[in-house]
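Encoded as structure tokens, the structure appears first; notes follow it.
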Amino acid sequence: MAEYTVEQLVLGHEKAFVPERAGNTDAVVQYHLTGEQGGDWVITIRNGVCKVAAGVTANPTLTLIAEELVFRDILMGRMDGMAALMQGKLQLKGNLGLGMKLVGFFDLQRGI
């Protein structure tokens, strides 16, 4: 897979989303990514659909905080998300169970 910007990876979530993997998940996820390509995005998963919007939401189900290079490495399969969490490179706040399952809802091969 070629190298993508963080924005491309985040915006690709809509196409990469596999509804069958998410089941009846109803969640709002806040991404807060720091660094040169960082930013804030809101990922809404509801009724078998994933929507992405730039910005901040008041009461997310889960907040994911990471440096943008760490986030990209996790999505690209170069870093294990659990290892990043244990090393403090990735922070999750809110529904941690959702955080553990979230990456499995997406197939990047079809989303970018």
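None of the figures in this text is laboratory data; all of them are computed from the coordinates on show. Worth saying up front: this structure is predicted, and the values here are computed from it rather than measured. Positions of Cβ are backbone-derived with ideal geometry, glycine not excepted, and every protein chain shown enters the neighbour counts.
Residues in segment 57-91 that are under 20 Å from ARG46 (Cα atoms), over 11 Å from the mean Cα position of the chain (by Cα) and touching a residue at least 24 places away in the same chain (Cβ under 8 Å): THR57, ASN59, PRO60, THR61.
Residues in segment 1-23 that are in a helix (DSSP H, G or I) and touching a helix residue (DSSP H, G or I) at 6+ places or on another chain (Cβ under 6 Å): VAL6, LEU9, LYS15, ALA16, ARG21, ALA22.
Of everything listed in (1) of a type in the set (S, T, N, Q); (2) at positive phi; (3) crowded, with 16+ Cβ neighbours inside 10 Å, the single unmet condition for THR61 is (2).
Filter segment 67-86 down to residues that are of a type outside the set (Lys, Arg) and touching a helix residue (DSSP H, G or I) at 6+ places or on another chain (Cβ under 7 Å) and give me whichever is nearest to ASP107 (Cα to Cα). Working first, answer last.
Going through segment 67-86, the residues of a type outside the set (Lys, Arg) turn out to be 67-71, 73-77, 79-86.
Now drop any that are not touching a helix residue (DSSP H, G or I) at 6+ places or on another chain (Cβ under 7 Å), which leaves 68, 70-71, 74-75, 79, 81, 84.
Working: GLU68: 19, VAL70: 19, PHE71: 16, ILE74: 13, LEU75: 10, MET79: 16, GLY81: 16, ALA84: 20 Å.
The residue in question is LEU75.
Considering only residues of segment 22-70 that are of a type in the set (Val, Ile, Thr) and touching a Ser or Thr at 6+ places or on another chain (Cβ under 7 Å), which is nearest to GLN87 (Cα to Cα)?
Initially, segment 22-70 is screened for residues of a type in the set (Val, Ile, Thr), giving 25, 28-29, 34, 42-45, 49, 52, 56-57, 61, 63, 65, 70.
Now narrow it down to the ones that are touching a Ser or Thr at 6+ places or on another chain (Cβ under 7 Å): 28-29, 42, 45.
Details: VAL28: 25, VAL29: 22, VAL42: 25, ILE45: 28 Å.
The qualifying residue nearest to GLN87 (Cα to Cα) is VAL29.
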